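S.K.: Would you mind keeping the following structure in view while I ask a few things?
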Amino acid sequence: MICPLCDGNNFQSVFRAEGVPVNQHQLCRTEDIARNIIRGDLDFLYCENCTFIFNAAFDQNKISYNLNYDNNQMYSDTFVQHVSRICAQIPNEERRVVEIGCGDGEFLRRLFQSKDCKYTKGLGIDPSCHSTEGKLTFCSRAFNENDIQKDDIVIARHLIEHLPNPLDDLLQKIRHCYKVIIETPDIQWTLENRFIWDFFYEHCSLFSKFSLLYAFKRSGFNEIGLSKELDGQYLLALTGQKTKKHQDFLGYLRLDMSSIKEQWQNLLKQYCGRVVIWGVGAKGVMFANLIDPNKEFIKYGAELNPSKIGKFIPGTGHEIINCVDVRCCDNIEAVVLMNPVYKNELMSYIGDSRIEILFADRSKE
Ligand SMILES: [Zn+2]
């Protein structure tokens, strides 16, 4: 085995878990469907040469991104503000914008919404999206090199971490474009916060500032500006800007799931099953699968995304209820807040109740 970024062959084990759902965003109509979803293993390795972290057990054939995939986070005000900050950093010029892996197209719509928008056209490419709206066209298929021209502004948000070969699959194909904007989770944040819920099957390629810069440079890009977004959880790379300083090399760290799992199960036991997971995005789904695979400690997942409400958490089959209803549920004693950035939003729903808040990110308590 060689490293997909640098061809190195010295690795350390970072995180392992077996039999997790390969698709955290699948909408499961029944508990039975939820418990019988396709599963895969996590075996994340750290490359000692370039610090890239990747899932050595990843099998692309297990993954399918179809219309039954819902990853819309725009129901959260906090997330909408984050997206606005990203939009503001994309140069507003008379050019076409191509978004690769545009999901349901919501980001591109927002980018084109502003009054002084100068973009000539927008093209969104994603297997789960298809329509034409004014200047915007959405194509329901995988991306290929013919989709882009060298004068385009190319955006790929939360895509590169899904690609087992980030150089061949993406960066080398778009290296001649006018501007490239890439957003991806920062594995440094995950490791520093011991946030094991950030290791998903779909996220087979995990970057720090150092390894992302390395990947760009190896693909032939010269100037790349890097910034941290969403309280340091995400990295934003923008080509055509100078990198301000040398990026720190990410040190090796192994996350031991068994001790984290035991700590959580001991904590949740005190609430006799009267616990709700707040936010059934990828992190919430992994939390349920790693901590409570047999539905012993947690009663529900809670969501604001209406297409998830009334469905079941992939892998475990916990029912998903509306966040609005949590405080009226019988005997709920605690919620596990999956992402600390949503704390104020959570408080607006349950702030004046007796429900306790447990932070999935334990360092924020
Ligand atoms: Zn490497």
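S.K.: Give the Rg (one decimal place) followed by the Dmax (whole number) of region 77-239, computed from C-alpha coordinates and expressed in Å.
M.R.: Spelled out, the Cα radius of gyration and Dmax of region 77-239 are 15.2, 45 Å.
S.K.: In Å and whole numbers, how far do the C-alpha atoms of the chain stretch along each principal axis, longest first?
M.R.: Extents along the principal axes: 58, 50, 37 Å.
S.K.: Here's a follow-up. So which cysteines of the chain have no other cysteine's Cβ under 4.7 Å from theirs?
M.R.: That list is Cys28, Cys87, Cys102, Cys117, Cys129, Cys139, Cys177, Cys204, Cys272, Cys323, Cys328, Cys329.
S.K.: Contour minus end-to-end for Lys343 and Thr137, with contour as 0.36 nm per residue of separation and end-to-end as the Cα-Cα distance?
M.R.: On the way: separation 206, 0.36 × 206 = 74.16 nm, distance 3.59 nm.
Result: 70.6 nm gained on full extension.
S.K.: Let me ask you something else. Under 8 Å for C-alpha pairs, at least 6 residues apart: give me the relative contact order for the chain, rounded to a whole percent.
M.R.: The normalised contact order for the chain reaches 18 percent.
S.K.: Using 0.36 nm per residue, how much length does the chain from Lys121 to Leu267 gain when fully extended, once their Cα-Cα distance is taken away?
M.R.: So the chain would gain 47.4 nm between Lys121 and Leu267.
S.K.: Another question, if that's okay. Whole-Hz Karplus ³J(HN,Hα) for region 150-155, in order, using 6.51 cos²θ - 1.76 cosθ + 1.60 and θ = phi - 60°, x for Gly and Pro?
M.R.: Ordered by residue, 3J(HN,Hα) equals 5, 8, 6, 8, 10, 10 Hz.
S.K.: Rounded to two decimals, what is Rg over Rh for region 11-56 when you use alpha-carbon atoms and the Kirkwood radius?
M.R.: 1.17
S.K.: Here's a follow-up. Between the helical axis of 282-291 and the dominant principal axis of the chain, each derived from Cα atoms, what acute angle in degrees is found, rounded to the nearest 10?
M.R.: 40 degrees
S.K.: Hey, another quick one. In nm, to one decimal, how far is the modelled label at Gln89 from the one at Arg354, with both set 7 Å along Cα→Cβ?
M.R.: The two pseudo-label positions are separated by 4.5 nm.
S.K.: List the lysines whose alpha-carbon lies under 18 Å from that of Lys283, not counting same-chain residues fewer than 8 positions away?
M.R.: Reachable lysines: Lys261, Lys295, Lys299, Lys308, Lys311, Lys343, Lys364.
S.K.: So, one more: I'd like the distance between the alpha-carbon centres of region 315-330 and region 233-301, rounded to an integer number of Å.
M.R.: 19 Å
S.K.: Measuring from the lowest to the highest alpha carbon on each principal axis, how far does region 266-365 reach, largest first, in angstroms?
M.R.: Principal extents (largest minus smallest coordinate, Cα): 32, 32, 26 Å.
Where a number appears in this text, it was derived from the coordinates with a stated rule and is not lab data. Just so it is clear, the model here is predicted, and its values are computed rather than measured. All Cβ positions, even for glycine, are placed from backbone atoms using ideal geometry, and neighbour counts span all protein chains on display.
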